[in-house]
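> To start, I am sharing the structure in question, which I have written as structure tokens.
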Amino acid sequence: MNQKYLYLAINFFSVIVPFLASFYPKAPFFQKWRYVFPAIFFPGLFFLVWDEFFTSIGVWGFNDRYVTGLALGHIPLEEILFFICMPYACVFTFFALEQLVAKDYLKPYHRSISLFLIVALLIIGMIYIQRAYTATTFLLLAAFIAVEEYYRKAEYISRFYLTYLIILIPFFIVNGILTGSFIEEEVVWYNNEHNLGLRLGTIPIEDAFYGMLLLMMNVSLFTHLEKKVLKAPEGQFKLQ
């Protein structure tokens, strides 16, 4: 395979199984697409603006060796597809676990988990406020969890935490490759002046929380839209 198609291949293999499984007759995820695609699109726009800005100031960047060269601003096509393929796989996993696992195992603990994350993320984010990737990611995630847990009192949170624990398995594979595991150079490089310099293998620790924020936004909007439809009288659903 031409090395320039590596990032495209990663996107493809990340989404192909969830996409095909979406048509499983006993749990037809494709019937949820009207909620899934807005739930991917709007957080994706936010993250692409963030991505563009951080790329432009050198917080991270992309290796021309592993991308086709098609880009929007500073963002390669493959990176744009990343914000479609990974969220799709995550929302599918969240949906599949709801179908397969009746018991909400983390329901008794989600408030404690959220509180721990909020406090830890706020402390680290404030201590390292001058490190752009660390501070931005940790403080935004802390704020989002706080809003979802204590203001919206969102019901999906405990199931999301379980989903994310499972998602971490493919996360380490995909992000490992993107950051240089198993290949000669990294697909995505990071300027360590803007992060903690702590790596999980080749993966900056911030990536785990960056991914958590993205996927939590996706699941939050997905469950919100689905709930709005279920509550609305037939033919009267409107996005508000």
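Please treat every number below as a calculation from the coordinates, not as lab data. Treat the numbers as computed from the prediction; the structure is a model and nothing was measured. Cβ coordinates were reconstructed from backbone atoms using ideal geometry, including for glycine residues, and neighbour counts include every protein chain displayed.
> Can you list residue pairs whose Cβ atoms sit under 6 Å apart, with the first residue in the range 34-60 being assigned to a helix (DSSP H, G or I) and the second being surrounded by fewer than 19 Cβ atoms within 10 Å (Cβ to Cβ) and not hydrophobic (A, V, I, L, M, F, W, C)? Count only pairs 6 or more apart in sequence or on different chains.
Y35/E226; E52/G73; E52/H74; T55/G61; T55/H74; S56/H74
> Additional query: Looking only at the range 99-110, which residues are surrounded by 14 or more Cβ atoms within 10 Å (Cβ to Cβ) and either free of Cβ contacts under 8 Å to residues at least 12 places away in the same chain or in contact with an Asp or Glu (Cβ under 8 Å, 6 or more places away or on another chain) (or both)?
H110
> Going through the range 111-151 one residue at a time, which ones are hydrophobic (A, V, I, L, M, F, W, C) and loosely packed, with under 15 Cβ neighbours inside 10 Å?
Selection gives L115, F116, V119, A120, I123, M126, I127, I129, V147.
> Okay, next question. Out of F42, F62, report the one residue that is among the hydrophobic types (A, V, I, L, M, F, W, C) and surrounded by fewer than 19 Cβ atoms within 10 Å (Cβ to Cβ).
Sole residue among the options that is among the hydrophobic types (A, V, I, L, M, F, W, C) and surrounded by fewer than 19 Cβ atoms within 10 Å (Cβ to Cβ): F42.
> Also, quick follow-up: Condition first: out of contact with any Cys (no Cβ under 9 Å at 6 or more places or on another chain), outside any helix (DSSP H, G or I), in contact (Cβ under 8 Å) with a residue 60 or more places away in the chain and surrounded by 15 or more Cβ atoms within 10 Å (Cβ to Cβ). Can you find one or more residues in the range 17-24 that meet it?
There is at least one residue in the range 17-24 that is out of contact with any Cys (no Cβ under 9 Å at 6 or more places or on another chain), outside any helix (DSSP H, G or I), in contact (Cβ under 8 Å) with a residue 60 or more places away in the chain and surrounded by 15 or more Cβ atoms within 10 Å (Cβ to Cβ).
> Right, next: Only one of I167, I183 is buried (at least 16 other Cβ atoms within 10 Å of the Cβ), among the hydrophobic types (A, V, I, L, M, F, W, C) and outside any helix (DSSP H, G or I). Can you tell me which?
Only one candidate qualifies: I183.
> Test of understanding: among F172, F182, which residue is in contact with a strand residue (DSSP E or B) (Cβ under 9 Å, 6 or more places away or on another chain) and of a type outside the set (S, T, Y)?
F172
> Would you confirm whether any residue within the range 227-235 is closer than 30 Å to Q99 by Cα, small (G, A, S) and surrounded by 19 or more Cβ atoms within 10 Å (Cβ to Cβ)?
Looking for residues that are closer than 30 Å to Q99 by Cα, small (G, A, S) and surrounded by 19 or more Cβ atoms within 10 Å (Cβ to Cβ), one finds none in the range 227-235, hence no.
> Taking the condition of being in a helix (DSSP H, G or I), in contact with a helix residue (DSSP H, G or I) (Cβ under 8 Å, 6 or more places away or on another chain) and among the aliphatic types (A, V, I, L, M), how many residues in the range 94-113 meet it?
Going through the range 94-113 one residue at a time, the tally reaches 3.
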